[in-house]
1. Inside the range 236-269, can you point out the residues that are free of Cβ contacts under 8 Å to residues at least 40 places away in the same chain, β-branched (V, I, T) and buried (at least 16 other Cβ atoms within 10 Å of the Cβ)?
2. What about S57, is it of a type in the set (G, A, S) and without any contact (Cβ under 8 Å) to a residue 40 or more places away in the chain?
3. List every residue pair whose Cβ atoms sit under 7 Å apart, with the two residues 6 or more apart in sequence or on different chains, where the first one lies in the range 66-91 and is more than 14 Å from R347 (Cα to Cα) and the second, anywhere, is assigned to a loop (DSSP other than H, G, I, E, B) and of a type in the set (S, T, N, Q).
4. So which residues in the range 303-330 are touching a Phe, Trp or Tyr at 6+ places or on another chain (Cβ under 8 Å) and closer than 26 Å to R343 by Cα?
5. Please verify whether the range 73-90 includes one or more residues that are among the hydrophobic types (A, V, I, L, M, F, W, C) and part of a loop (DSSP other than H, G, I, E, B).
6. Just to be sure, is R282 within 19 Å of L11 (Cβ to Cβ) and at pLDDT below 95?
7. Modelled with pLDDT of 95 or more, among the small types (G, A, S) and surrounded by fewer than 16 Cβ atoms within 10 Å (Cβ to Cβ): does that describe A332?
8. Residues of the range 79-110 being out of contact with any Lys or Arg (no Cβ under 7 Å at 6 or more places or on another chain), over 17 Å from V341 (Cβ atoms) and surrounded by 17 or more Cβ atoms within 10 Å (Cβ to Cβ), which ones?
Amino acid sequence: MSRGHVFGLDLIRALAVAMVLFTHASFLFLPLSGDLAVFEPWWLPGQLGVELFFVLSGFLIGGILAEQAEAGDLDVRQFWIRRWLRTLPNYYLFLVLNLLLERYATGVWPQAWSYAVFWQNFAWPNPPFYPESWSLAIEEIFYLVAPLLIVLARGRLGRWMRPVPLIVLGILAFTAIRIGYVLHGNPDWDAGVRKVTLVRLDAIAYGVLAIVLVRRFRPGLRTSALIAACGLVGTALSVWICLAWARDTSFFARTFLFNLIPLSFAAFLPIAAHWKRCGLPRLAELAVTKLALWSYALYVSHLGLLRLLLGTFGWKGATPFECLGQALAFAALAIVLAALVYRLYERPLLQLRDAIAPKTAPAIA
């Protein structure tokens, strides 16, 4: 894979965070009906956006791990340092800010110790406090476990099982765990399954599988386009199931749909990796690259901003025009806030990370 950023992968990252932002901006239209069920279709872009983040994360981080493992210089400790310095500062910053916001709004401190160690949704629904943290818990536990599995695969296990079968075995194992979890507890689709770490780690594994296969077979543009077309069919089927089926009671939706969605999204990654240069108008390229650059800061900050606007400033539009104006203003403020967080807080810490634990191998992002 190439050095530096790849525009196609930046586009996927920007699209994912834009889908999440769109869904949460739609909450500002709730005063028009007051019925959450009416707006359920509007939640789907955000739900799929997070799934897209998972697969992309596996593709990027899996690429780093695979490249280092093949070069024989995989340093698990350095990998953890670089990942944690990339992800934990933003997470803990907004954990503290959400604690202060909750204290200001309710007058009591929430029980938040589990959030410090990403235990809040390990095998149970995520509590209502800091709700966006559920996906970050899945990511962090993946970062903790993935390099250890590679070390295991390079040892005795690797003598009889290659990386692709090992990844597939992991996906099947977590699928089996999810099936047992659903059969035992009969949870709902969203909070009960989608946001539970133990049954969702395979979502990231599909991205890892994609990068391993890309590195092994190096599909050309035509083959990648055919794979993406299959992914488009799978995505369309996933969207139809989400909109037409009763997901809270459907066994398939609560189990195998969480295989179909990431598998479909992973199919877009080979062709995205081919799109190295933009070729779009300069303004469009700038919007995509900046939104991708600020995506993590935007993800962890925008819901806190929304709660502040709703709870403190009373943003409740009385007409569709007022709600639309507030939704657009919220999206703009969220992007500006993310840009400031990146420039003033995230980027200096990334520079510190590169000084403490320099890269030992090139990566695609």
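The values are calculated or read from the model by the stated rules, or taken from the named source; none is laboratory data. For clarity, every value in this text was computed on a predicted model and none was experimentally measured. No Cβ is skipped: glycine too gets one built from the backbone with ideal geometry, and neighbour counts run over all protein chains shown.
1. If the condition is that a residue be free of Cβ contacts under 8 Å to residues at least 40 places away in the same chain, β-branched (V, I, T) and buried (at least 16 other Cβ atoms within 10 Å of the Cβ), then I241 is the only one that fits.
2. No: the conditions fail for S57.
3. Listed by first residue and then by second, the contacts come to Q68/T360; D73/T360; D75/T360; Q78/T360.
4. G304, L305, L306, L309, Q326, A327, F330, listed by residue number.
5. Yes, that holds for at least one residue.
6. Considered against the rule, which asks whether it is within 19 Å of L11 (Cβ to Cβ) and at pLDDT below 95, R282 comes out as yes.
7. yes
8. Listed by number, the residues that qualify are F79, R83, E102.
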